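K.L.:
Just passing along the structure, written as structure tokens.
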């Protein structure tokens, strides 16, 4: 019974973010849970965070039938960038691991009917120690992502405080919309504020974000999945009214569990 109730927390309708995106939950593939911050392409070329990894995953989605089922997002997570911005202050991909750059990678996705997502962080640096997107870089980085033809942006909150998050998450929504490019916006804000009112204003979240991480990160264990499911069940009265077309609770990605556990967890999610 808990499983049926849990999915409602992510699926019932309410107001929508007015960017016309993600009327249904976004589905696709995200690098973090399996590949983390592996940047050792010399010794681990098949598993490191590089353009080859994302090209391979794009081929799998487009050639193995996943795209036709709605799995269209290929999302880069942390550790993709160079450790320094370029001479104009813009973020840049690591030149050895992404020699073609992010724009070329986005075009590769689009040519196959897919969409590219990318990651940033509100702190001075990301959770993995790469250049962040603090308040004074928000407009520049939003425009950079638009210039690269990125389709989705995940904004994390490592190394930022509550005051910065209160300013930064709405500012990024405004900046993304100002680029004129439709970019889905994933906010990690509530996960850094305990996931519940009064610290978390779900009405505001629905006005600025297409989806938001509510709770802790999933790990490679069934206990972790059950912990997340229990939290959603216990707080369904808050979470159910918050979700709907264009605005979704995000209980985190599918993890590399065994086949039966993956099947059960996929039934909990409106999309991954």
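K.L.:
In nanometres, what is the gap between the two model label sites at residue 110 and residue 46, each 7 Å from Cα along Cα-to-Cβ?
P.N.:
Placing both labels 7 Å along Cα→Cβ, they lie 3.2 nm apart.
K.L.:
Let me ask something additional. Mind checking which of 163, 124, 179 has the largest fluctuation in a GNM of the chain, springs on alpha carbons under 10 Å?
P.N.:
Largest GNM mean-square fluctuation: 163.
K.L.:
If you line up the Cα atoms of the chain on their principal axes, what length do they span on each, largest first, in Å?
P.N.:
Extents along the principal axes: 51, 41, 30 Å.
K.L.:
Sticking with this structure for a sec: Can you tell me which of 121, 78, 88 moves the most in a GNM of the chain? Springs connect C-alpha atoms under 10 Å apart.
P.N.:
In this elastic network of the chain, the residue with the biggest mean-square fluctuation among 121, 78, 88 is 88.
K.L.:
Mean shadow of the range 57-161, computed from the convex hull of its alpha carbons, in nm²?
P.N.:
Values: hull surface 27.3 nm².
That works out to 6.8 nm², a quarter of the Cα hull's surface.
K.L.:
Below 8 Å, C-alpha to C-alpha, sequence gap of six or more: please give me the relative contact order for the chain in percent.
P.N.:
27 percent
K.L.:
How are the Cα pair distances of the range 99-145 distributed, in percent, across 10 Å bins from 0?
P.N.:
P(r) for the range 99-145, in whole percents per bin: 25, 42, 29, 4.
K.L.:
Just to be sure I follow: if Rg is taken over the C-alpha atoms of the range 117-212 and Rh is the Kirkwood radius over the same atoms, what is Rg/Rh? Don't skip to the end; give the middle numbers.
P.N.:
Values: Rg = 12.3 Å, Rh = 13.1 Å.
In the range 117-212, Rg relative to Rh is 0.94.
K.L.:
Only bridges with both residues in the chain count here: give the DSSP antiparallel percent, nearest 5.
P.N.:
Values: 3 of 23 bridges.
DSSP beta bridges in the chain are roughly 15 percent antiparallel.
K.L.:
Let me ask something else. Kirkwood Rh, the range 161-217, all Cα pairs: how many Å?
P.N.:
Working: mean 1/r = 0.0861 Å⁻¹.
The answer is 11.6 Å.
K.L.:
Give me the mean projected area, in nm² to one decimal, of the convex hull enclosing the Cα positions of the range 47-100.
P.N.:
4.5 nm²
K.L.:
Roughly how many whole Å is it from the C-alpha centroid of the range 111-177 to that of the range 60-82?
P.N.:
With the range 111-177 and the range 60-82 each reduced to a Cα centre, they are spaced 19 Å.
K.L.:
Pick from 209, 48, 79 the residue whose mean-square fluctuation is largest in a GNM of the chain, springs joining Cα atoms under 10 Å.
P.N.:
Comparing 209, 48, 79 in the GNM, the peak value goes to 48.
Quick note: the coordinates plus some simple rules give every number you see, no bench work behind them. The structure presented is a predicted model; accordingly, all values stated were derived computationally and were not measured. Here Cβ is always computed from backbone atoms with ideal geometry, including for glycine, and neighbour counts include all displayed protein chains.
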